[in-house]
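Note sheet for the following structure.
Quick note: the coordinates plus some simple rules give every number you see, no bench work behind them. Here the structure is a predicted model, which is why all the values come from computation and not from measurement. For neighbour counting, all protein chains shown are included, and Cβ atoms are generated from backbone atoms with ideal geometry for every residue, glycine included.
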Amino acid sequence: MTDQPEQSDQHDQHSVLFVCVHNAGRSQMAAGFLTSLAGDRVEVRSAGTQPADDVNPVVVAAMAELGIDLGAESPKVLTSDAVRASDVVITMGCGDECPYFPGKTYLDWELADPAGAGIEAVRPIRDDIRRRVEALVARLDAGKAPV
């Protein structure tokens, strides 16, 4: 018998935080795709450095076209706790405002901002995010570091 605490399998679950300025477009789409594609294999968070009041309605409509409902989502403020609790932090245009903690994987996805854009302009952004999230899921499932 040993006095060491039992190891939990909880840590095997990845956690990903998507960050953009307003948490009303890009990060919401990425979180929606990751939740849809990875299910409970990945803990998904999204936040913004200056969160808007609501998720962009054009983004909600674009995601609804693919069967992903963001209608109940709301922008959240980025906190140090959210970064600390995440294994992977993916920024999307928030610049140097994101807190940095050693030991985390940080990625920066350069994506157009859907703010103020119509559905025709949002669809290619949405599709780019979907491809990136699909690649992220494949790497996480394979036990490889995200790139």
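Within 10 Å of each residue's Cβ, count the other Cβ atoms and sort Phe33, Phe101, Phe18 from fewest upward. List each step's numbers first, then the result.
Working: Phe33 24, Phe101 12, Phe18 29.
Lowest to highest Cβ neighbour count: Phe101, Phe33, Phe18.
If each of Asp108 and Ala85 carries a label point 7 Å out from its Cα toward its Cβ, how far apart are those two points in nm?
Each label point is offset 7 Å from its Cα along the Cβ direction, giving 2.6 nm.
For the chain, set up a Gaussian network in which alpha carbons nearer than 10 Å are linked by springs, and say which option among Pro102, Pro124, Pro57 fluctuates the most.
Pro102
How far is helix 119-141 tilted, in degrees, relative to the longest principal axis of the Cα atoms in the chain, given as a value from 0 to 90 rounded to the nearest 10?
So the helix axis and the longest Cα principal axis differ by about 10 degrees.
Once label points are set 7 Å from the Cα along Cα→Cβ at both Ser15 and Asp54, what is their separation, rounded to one decimal in nm?
3.1 nm
Over segment 13-141, what is the relative contact order in percent, taking alpha-carbon pairs closer than 8 angstrom and at least six residues apart? Could the numbers behind the result be given before it?
On the way: 240 pairs, mean separation 40.6, N = 129.
Relative contact order, segment 13-141: 31 percent.
Tell me the GluC sites (Glu not before Pro) within segment 70-120 that lie in a loop according to DSSP and have at most 16 other beta-carbon atoms within 10 Å.
Glu110
Using the crude model of +1 on Lys and Arg Cβ and -1 on Asp and Glu Cβ, and no other charge, please compute the dipole size for segment 27-147 relative to its Cα centre, in debye to 20. Let's see the in-between values first.
Numbers: 12 positive and 19 negative charges, 83 e Å.
So the magnitude is around 400 debye.
Give the long-range amide H neighbours of Glu43: residues separated by 5 or more places, or on another chain, with amide H under 5 Å away, using H modelled in the peptide plane at 1.01 Å from N.
Residues meeting the criterion, in which the H sits 1.01 Å from N, are His14, Ser15, Val16.
In what order do Ser27, Ser80, Ser15 fall by count of nearby beta-carbon atoms within 10 Å, going from fewest to most?
Ordered by Cβ neighbours within 10 Å, fewest first: Ser80, Ser15, Ser27.
Given H placed 1.01 Å from N in the peptide plane, which residues other than close sequence neighbours of Gly93 have an amide H under 5 Å from its amide H?
Placed amide hydrogens put Trp109 under 5 Å from Gly93.
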